[in-house]
1. In this model, which of Lys83/Lys124; Lys28/Lys96; Lys28/Lys118; Lys28/Lys103 are farther than 18 Å apart at the alpha-carbon?
2. Compute the acute angle (0 to 90°) between the alpha-carbon long axis of helix 24-33 and the principal axis of greatest extent of the alpha-carbon atoms of the chain; round to the nearest 10°.
3. By count of other Cβ within 10 Å, fewest leading, how are Lys118, Lys28 ordered?
4. Hey, fewest Cβ within 10 Å first, where do Lys96, Lys124 land in order?
5. Would you mind classifying segment 2-150 by shape? Square roots of the alpha carbon gyration tensor eigenvalues, ordered a ≥ b ≥ c; an a/c under 1.5 is rounded, otherwise it is prolate if a/b is larger than b/c and oblate if not.
6. Kirkwood hydrodynamic radius, computed over distinct alpha-carbon pairs, for segment 64-108: how many Å, to one decimal?
7. How high is the FRET efficiency from Lys96 to Met21, r the C-beta distance, R0 30 Å, rounded to 0.05?
8. Compute the acute angle (0 to 90°) between the alpha-carbon long axis of helix 130-144 and the principal axis of greatest extent of the alpha-carbon atoms of the chain; round to the nearest 10°.
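Quick note: the coordinates plus some simple rules give every number you see, no bench work behind them. Here the structure is a predicted model, which is why all the values come from computation and not from measurement. Here the Cβ positions follow ideal geometry from the backbone for every residue, glycine too, while neighbour counts run over all protein chains shown.
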Amino acid sequence: MGYDLHRNSTDEELSYYRWNMWGFPPVKYLAELYGWIPAGTTYEAWTDDDGNHHEEQHSMDYDTNSGQTVSAEDAQAWANALKLAIPDLRNQPLVKETEKGRKIDDEFMKEREEIHNKIPDTLKRQFNTEGSIDYLEGFIRFLEAGEFQIY
């Protein structure tokens, strides 16, 4: 399970980005730590199988995979905040991917709780490998390309 971010683009790198279920919350919270104020998402108007029309809706929902749209302005603000985080992430001690624990145990769950509570040092530790910083920089490029949907 994860978050598949899509947009219509002829550039393959900018048309799709993926975060797993453990990575998406920290990347949102990290951006908030660096000043991003989420503007919310939009659900397009639609008609259900019974012919009932549902109006477009604005929501603060970034966490479901419902095809909600993040505006170009919000995506750019998210990118700007993450760009501010990169120097701080590069200044923390980097570890090898293989040194990061992958076992879901009490320590892991404590860390997830700290992420949920937006503890700054814990959020930054989620991005303390060279690969994770590179992935984050790719996400910044994705965000800068504009509006996208979350599935």
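1. Numbers: Lys83/Lys124 13 Å; Lys28/Lys96 23 Å; Lys28/Lys118 10 Å; Lys28/Lys103 23 Å.
The pairs that break the limit, which is 18 Å between Cα atoms, are Lys28/Lys96; Lys28/Lys103.
2. Approximately 80 degrees, to the nearest 10.
3. Numbers: Lys118 15, Lys28 21.
Fewest to most other Cβ atoms nearby, the residues stand as Lys118, Lys28.
4. Details: Lys96 9, Lys124 17.
Ordered by Cβ neighbours within 10 Å, fewest first: Lys96, Lys124.
5. Numbers: a/c = 2.05, a/b = 1.66, b/c = 1.23.
Prolate.
6. Working: mean 1/r = 0.0709 Å⁻¹.
So the Kirkwood estimate lands at 14.1 Å.
7. Working: r = 23 Å, r/R0 = 0.77.
So, using R0 = 30 Å, E works out to roughly 0.85.
8. 30
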